[in-house]
Structures are given as C-alpha cells and as structure tokens.
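Take a look at the structure set out below.
The values are calculated or read from the model by the stated rules, or taken from the named source; none is laboratory data. It should be emphasised that the depicted structure is a prediction, and the values quoted were computed from it without experimental measurement. Positions of Cβ are backbone-derived with ideal geometry, glycine not excepted, and every protein chain shown enters the neighbour counts.
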Amino acid sequence: MPNSFDEARYSYNPGLTANCVCRVFFAIIGTLLCWVPFHLLSRNGEFAAVVLIADVVILNLFTILNSLIWRSDNWDIWWDGVGLCDIETYLNGPLLTIYAAAMFAVMRNLAQQVGLMRASALTPEEKKKRNLIQAVIIFPIPVVQLIFTWFDLAQRYQIGTLIGCSAVYDGSWPKILIYSAPPTLFALGTSPYAFLTWKRFNAISKSTKDALAASNSTVASRAQRTRRRLYQMSLSILVPYVPLMVAFLIANVQDTDFRPYDYRRMHSNAQEDGQYPWDAILFVPSWLVPFSTINQPWIPILTTMPIFVFFGLTREAIETYRGYARAVGLGRFFPA
C-alpha cells in the first residue's frame, strides 16, 4: 500500500495501466467475436444461449466504458458519473444474475433434450413453450433485484478505479438473500444438469445415432450439433465459474453484519453512526478495491472465448464470415 495518498494518486501505476489496456482490448475483441455466434444461435432458436451472449456483451460494454473513464487513481479529474452510474447501479446486479440463470437454463434444456433424442426437430409450438419456460427461469429474480435496489442502497453509488460504478448495498440480510445468493445458487444448480447431460450423451445407443443419421434432416442434424457444442461451451464456462461464485458468496457473507433492515436509516441524510449522507458519491482508489471486485469484469470478458471457439469457428460461422467478406469486397480472404 502506498505511503501517501498523493503519491499513489499522481504516480504512474504500470500494473493498473496494463490491466486497463488488456481488459478494454479483450472486451472489445470478445464482444465483436460474439456477433456471429449470437446470429447463429438466434437462428437456431436457442433462447437461453442468446440471452447469455447478450448479457455478456452488455457487461463488456460497461467494462469498456468504466475502464476508460476511471482508468487512474487521480480522483481529482474523475467524473462523478451522474446519469451513467445511476443506470449501472440498478443493472449490474440483475445482469450478473441473468448470466448465471441463463447458464442454468441452457444446461437444464440440454439435459431434457438429450434425454429425448429424436430424429425430428422441435416444432414451432414446442420451441415457443421451451423459450417461455426459459424466460420464466431467467428473468423473475433479476426483475425483483432491479425493483428492490432502491430499497437496499446504503449510498447512491460508489465509483472505483477501473470498475467504475457499483452499488453500495446495506449490510442487512437482503444483501445476501436477494443479491449475493441467487447467482451462486443458479451456478450450483447447473452442476447436476451438466452431469446428467454428460451421462445421457454417453448413453445414446448406436441405434439412436443411426436413426438420427438416417433421418436425412439438415435441420435435425444441425440441432444435434448445436446441442453438443452448447454443452461443451457451457461446461467450459461452468468449471471455473462455480468455485468462483461460491468464493464470492462466502466473501460477501463474511462482509455482511446482518443488521436489521431499516429503510429510513439507509436513506436518511442525518449521518447517524458516522455514515455518509445517502446521496453522497464515494470515490474508491484501486488500493481500496478488493482484488476479487476489481477483477470480476474478467468473467464476462473470458466468457467470450468459449462462445467464439464453439460457435464462431463452425461451418455455418465460416459461411457467415465469407458472406460478410464478399459484401465488402474482401471475398478473396475467404475462398470457397
């Protein structure tokens, strides 16, 4: 930790600069690479996977903005974030929950579909019902979080180096129950479905595979390939994600004093017990931001890698790139 605030604020920090440059660069590249997988999965009707990619893109856009605006510890030149932070404060928590809930919905659907392997593709009615169920899984809890944010903010918001805008939840029980627990519970709930899907993939009989091959249905074959890639993509995300979310939950529980919930105390400007006025905007330099918090934006950035690997390098994806290249006169770089 620096010997003085002034030294830390005005001195060049190569580690902080490298972190900023890397996260902005990879967030931009990863977001661009998600477009073709988003397009292909949308065309195949994979609602939960499309929601996951859209969520990752939004989180990465927030990361790019926050990292560029608040890239140093010199808070003398910091913007107070009015407007942008008022929006991000309400969206960050729900977006993190949507990430976990979409993963759960993807794996749950895969477990069910692999257990009912068939030669024909889903009918439009079946797809509509599946998408409705996935929407019911993904969105209700984030909506509750969005609505309840006003009632659980101990401060208007705070701004930290690189991470930018973030909510300051009160140390009472809703912080854990409404915000910290749901992403971890979704992540843990995804694990049994991942095992069940793996077991069912391995249990597919030769006769079932032959039936799928003999069906001569391009749509059905594409759907089966999509399911397997979705499983591989989800599993590659899930393996590091589950222990990280458990660690985050434990850290949040330890950081919460579980005081009685008191809306009037939180939104009062009376500065009781040494607290800041509710509408105060807090500036937090990098040395006061926990390591896990300042690096949490890397989760959606790194998520773009398996999305691209499993859905950005397929035959359908290459054909899409070829079409884009021809449209701008660069078809020679993507020969047939």
Inset, instruction - Test Phe308 against the criterion of being part of a helix (DSSP H, G or I), among the aromatic types (Phe, Trp, Tyr) and under 28 Å from the mean Cα position of the chain (by Cα), and give yes or no. - result: yes
Inset, instruction - Considering only region 1-111, give the helices (runs of 4 or more DSSP H) lying wholly within it that have at least 3 residues that are farther than 23 Å from Arg229 by Cβ and out of contact with any Asp or Glu (no Cβ under 8 Å at 6 or more places or on another chain). - result: 5-10, 14-33, 47-69
Inset, instruction - Say whether the condition of being in contact with a strand residue (DSSP E or B) (Cβ under 9 Å, 6 or more places away or on another chain) and either at pLDDT 85 or above or surrounded by fewer than 14 Cβ atoms within 10 Å (Cβ to Cβ) (or both) is met by at least one residue in region 179-194. - result: yes
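Residue-by-condition table, conditions (1) at pLDDT below 85; (2) at positive phi; (3) in contact with a helix residue (DSSP H, G or I) (Cβ under 7 Å, 6 or more places away or on another chain):
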{"position": "Ser234", "(1), (2), (3)": "no, no, yes"}
{"position": "Ala251", "(1), (2), (3)": "no, no, yes"}
{"position": "Thr256", "(1), (2), (3)": "yes, no, yes"}
{"position": "Met266", "(1), (2), (3)": "yes, no, no"}
{"position": "Pro277", "(1), (2), (3)": "yes, no, no"}
{"position": "Leu282", "(1), (2), (3)": "no, no, no"}
{"position": "Leu288", "(1), (2), (3)": "no, no, no"}
Inset, instruction - Give me the pairs, please: first residue somewhere in region 303-330 and surrounded by 15 or more Cβ atoms within 10 Å (Cβ to Cβ), second residue anywhere and outside any helix (DSSP H, G or I), beta-carbon distance under 6 Å, and either six or more positions apart or on two chains. - result: Thr304/Cys34; Ile307/Cys34; Tyr321/Phe334; Arg322/Phe334; Ala325/Phe334
Inset, instruction - Kindly indicate which of Ile58, Ile87, Ile64 is out of contact with any helix residue (DSSP H, G or I) (no Cβ under 9 Å at 6 or more places or on another chain) and within 23 Å of Pro142 (Cα to Cα). - result: Ile87
Legend entry - Unique residue being assigned to a strand (DSSP E or B) and closer than 22 Å to Thr256 by Cβ when the list is Gln145, Gln155: Gln155
Inset, instruction - Might you check whether a residue that is closer than 25 Å to Leu288 by Cα and of a type in the set (Asp, Glu) occurs anywhere in region 151-166? - result: yes
Inset, instruction - Determine whether region 159-182 contains at least one residue that is touching a Cys at 6+ places or on another chain (Cβ under 7 Å), over 25 Å from Cys22 (Cβ atoms) and hydroxyl-bearing (Ser, Thr, Tyr). - result: no
